[in-house]
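To start, the structure itself, in structure tokens.
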Amino acid sequence: MNYSNLTQQAISFIENHLLDNLHGLPKAVGYSKFHLLRIFKKETGLTVGEYVRVRRLAKAATLLIKTNESIISIAFSLQFQSQEAFSRAFKEVYSLPPGQFRKLMREIQMMKEEKEMSIKEDVKGWSLSGSNPEAYEMAVDPVIFHTGAKSGVLYSIKKVNDQQFATMMQGFQAKQYQGKRLKLSCFLKTDDVTKASAWMRIDNSSGDSIAFDNMHNRSITGTSDWNHYTIVLDVPEESTSIHFGVLLIGKGKVWADNFQFTVVDEKTPTTTHSGHELLPEEPINLTFE
């Protein structure tokens, strides 16, 4: 299923209050604590507490790399009861205690800065395309991520207008999804973008696009924190390939993390749009006057 407004609001509140006590979450989203916990767990597969924990640990990793705050200060700022509890939780996710993680990541960052860009590296499995790929770059970012230790980032490196775009993309065979309804989900974060979105396209053997959604009617603009986005398309029997990625139109920077594909039933509506909603209700200026 797609995330409901309740879950989207909960994620947004959590992202904006990671350093705070989150007792006010149910009131902020306007539902009872019981209802919130039940829906959040059903839709995300995680309890609210589990989600907050992994996001706080990801925030801790960023703070360890980007700041000189002490480990105990970071632990307390993220609502851990002690440095020991924080260190145990951090090691479970990142396989290193916080101090060693900070030392290793800073050494890696220094090596990359010698190559003029700390986060730039090949992105395995992904390619850069679009109308003006020379005006954009993509990379793996070990500093800003949703969960885990890295994210993908696509950003403009030259002055561009809102007619120019690039995409970080990949494709795979459609065979195992033929005749099914497929949901793509991911987390995106933006910085001063003209427009950004996720996208998915289904092609047949002739290379024709037979299903497509690039979030045209719900694209992201400006600066936004991590949030969850979904695309749902039918994969017809004649489909041969599925392509997907992150789209950046114009300027800015967009991060992507945690792409997933899930087969859903017909109760989940597709997100493809015909373009009819972009047309005026009546013809206009018929005499050019």
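Side notes on the structure shown:
- Pairs, first open to solvent by less than 50 Å² (accessible area, probe 1.4 Å) in the range 249-272, second of a type in the set (Phe, Trp, Tyr), C-beta under 6 Å, six or more apart: Ile249/Phe165; Asp257/Phe145; Asp257/Phe187
- When the residues of the range 47-82 are filtered to those that are free of Cβ contacts under 8 Å to residues at least 40 places away in the same chain and part of a loop (DSSP other than H, G, I, E, B), the one that is nearest to the chain's Cα centre (by Cα) is Thr47.
- Residue pairs meeting the criteria (Cβ under 9 Å; at least 6 apart or on separate chains; first at negative phi, in the range 28-40; second open to solvent by 100 Å² or more (accessible area, probe 1.4 Å) and among the hydroxyl-bearing types (Ser, Thr, Tyr)): Ile39/Tyr31
- Just one residue in the set Gly152, Gly171 is surrounded by 18 or more Cβ atoms within 10 Å (Cβ to Cβ) and in contact (Cβ under 8 Å) with a residue 60 or more places away in the chain; that residue is Gly152.
- Test: Tyr3 is open to solvent by 50 Å² or more (accessible area, probe 1.4 Å) and outside any helix (DSSP H, G or I): no
- Flag for Lys195 being among the charged types (D, E, K, R), on the phi < 0 side of the Ramachandran plot, assigned to a strand (DSSP E or B) and at pLDDT 90 or above: yes
- For the range 57-65, the count of residues that are of a type in the set (S, T, N, Q), at pLDDT below 90 and over 15 Å from Thr147 (Cα atoms) is zero.
- Residue list for the range 72-100, filter: modelled with pLDDT of 90 or more and β-branched (Val, Ile, Thr): Ile72, Ile74
- Any hit, the range 225-233, residues being surrounded by fewer than 18 Cβ atoms within 10 Å (Cβ to Cβ), in a strand (DSSP E or B) and touching a Leu at 6+ places or on another chain (Cβ under 7 Å): yes
- Each residue in the range 83-103 was checked for being more than 24 Å from the chain's Cα centre (by Cα) and loosely packed, with under 14 Cβ neighbours inside 10 Å, and 6 pass.
The values are calculated or read from the model by the stated rules, or taken from the named source; none is laboratory data. For clarity, every value in this text was computed on a predicted model and none was experimentally measured. Because the Cβ atoms are built from the backbone with ideal geometry, glycine has one as well, and the counts that use them run over all protein chains shown. SASA here: full protein model, heavy atoms, side chains in, ligands and nucleic acids out. Shrake-Rupley method; radii C 1.70, N 1.55, O 1.52, S 1.80 Å.
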